[in-house]
1. ³J(HN,Hα) across the stretch 215-222 via Karplus (A = 6.51, B = -1.76, C = 1.60, θ = phi - 60°), whole Hz, x for Gly/Pro?
2. Please compute the volume of the convex hull spanned by the alpha-carbon atoms of the stretch 90-177 and report it per residue in Å³.
3. Please state, rounded to one decimal and in Å, the Kirkwood hydrodynamic radius that the chain gives when every pair of distinct Cα atoms enters the mean of 1/r.
4. How much net charge surrounds residue 233 when only other residues with a Cβ under 15 Å from its Cβ are counted (Lys, Arg +1; Asp, Glu -1)?
5. Name the residue, out of 150, 242, 74, whose mean-square fluctuation peaks in a Gaussian network model built on the chain with Cα pairs under 10 Å.
6. If you take every residue apart from residue 143 with its C-beta less than 13 Å away from the C-beta of residue 143, what net charge results, scoring Lys and Arg +1 and Asp and Glu -1?
7. Longest exposed-loop-site-free stretch of the chain, with trypsin sites (Lys or Arg not before Pro), DSSP loop and at most 14 other Cβ within 10 Å?
8. Which cross-chain or sequence-distant (5 or more) residues have an amide H under 5 Å from the amide H of residue 209, H modelled 1.01 Å from N in plane?
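A short reminder: the numbers here are calculations on the coordinates, not readings from a lab. Bear in mind that the values here come from a model prediction, so they are computed numbers and not experimental data. Don't worry about glycine lacking a Cβ; one is built from the backbone with ideal geometry, like all the others, and counts go over all protein chains shown.
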Amino acid sequence: MLRIAVPNKGSLSDPAVQLLKEAGYKQRRDPRELVLVDERNDVEFFFLRPRDVAVYVGAGTVDAGITGRDLLIDSGADAVEHLELGFGGSTFRYAAAPGVASSILDIDGKRVATSYPRLVEQHLASHGVTAHVVRLDGAVESSVRLGVADVVADVVSTGTTLRAAGLEIFGDPILGSEAILIRAQDAPVEDIAILTGRLRGVLTARRFVLVDYDVPSDRLDAAIAVSPGFEAPTVTPLHGSDWHAVRVMVPRAEMNHIMDALYAVGARAILTTELLAVRV
Ligand SMILES: Nc1ncnc2c1ncn2[C@@H]1O[C@H](COP(=O)(O)OP(=O)(O)OP(=O)(O)O)[C@@H](O)[C@H]1O
Ligand SMILES: O=P(O)(O)OC[C@H]1O[C@H](OP(=O)(O)OP(=O)(O)O)[C@H](O)[C@@H]1O
Ligand SMILES: [Mg+2]
């Protein structure tokens, strides 16, 4: 039975559970459940602290897990990124009071507060900067006001928390992070092929929609040129007429522009449908 680690709390937990549900897996009803067996899919889910997911995967006690790229790097675990999951996006940045620092080199000799000490130590070392890293559990932004650090290094999403603490981002981003599926370094990729295929299927279904339209046969090539589709469009002659019906996968973000362009070349009865899951 495949063993998968899922974040039990924090920003990654709800979207991870939602993704697994859409991929056809059973998920827990009670947030106090620690383990859930999905017999039908031959998978066992372990609900773990997001920070600990990489530790278990690295130790090989679970086959794969969902975590953040920043958490994976900070864990130092022997696990590798397998698939980007398209949620939980953030950047990891340095910040300080205005005027204190403008580049990473200005951190030299200062105190840096963070909940991601390994990630920050690696980053400082790779730039030849020596600093004193102060490890905190959270609410890192308060460390400057409270006098335990000169600089913070933390997850930034909207930047609201930093602004509220009177801090300003400086230097280049340390990391761009998002939720990822990880696996043990030397675990066979085939073991998680079905899981990977299902997750990819949901991610593709979220990015694309299905567009159907009818088009006069002499406009067919022009219409196909507007949206060539994922591979090639499905084209069917309409009975007793010189029209064709076309079905094509279109990036969700382009959907309205493509519908406008199809209408302009003579397509009619243009319909867009949501996809639930896809195998390509
Ligand atoms: N706004 C955000 N705040 C914190 N983490 C975020 C945010 N957006 C995305 N993430 C990602 O979520 C992961 C951190 O999740 P984690 O559960 O450890 O912290 P959290 O969401 O801040 O929850 P907690 O309330 O336990 O601090 C990281 O991969 C981080 O990049
Ligand atoms: O850029 P923003 O949109 O403001 O989000 C980023 C903030 O959110 C998280 O804190 P969280 O609320 O999880 O508290 P914590 O620091 O105790 O983890 C993170 O650690 C940052 O502080
Ligand atoms: Mg947090």
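1. Values, residue by residue: 8, x, 4, 6, 10, 4, 4, 5 Hz.
2. Details: hull volume 7.1 nm³, N = 88.
For the stretch 90-177, the hull spanned by Cα atoms encloses 81 Å³ per residue.
3. Values: mean 1/r = 0.0457 Å⁻¹.
Hydrodynamic radius (Kirkwood, Cα only) of the chain equals 21.9 Å.
4. On the way: positive: 219, 247; negative: 212, 214, 221, 231, 254.
Net charge in that neighbourhood comes out at -3.
5. Most flexible of the set in this elastic network: 242.
6. Around residue 143, the charge tally is 0.
7. Details: sites that count: 9, 29, 32, 40, 279.
The reported range is 41-278.
8. 250, 252
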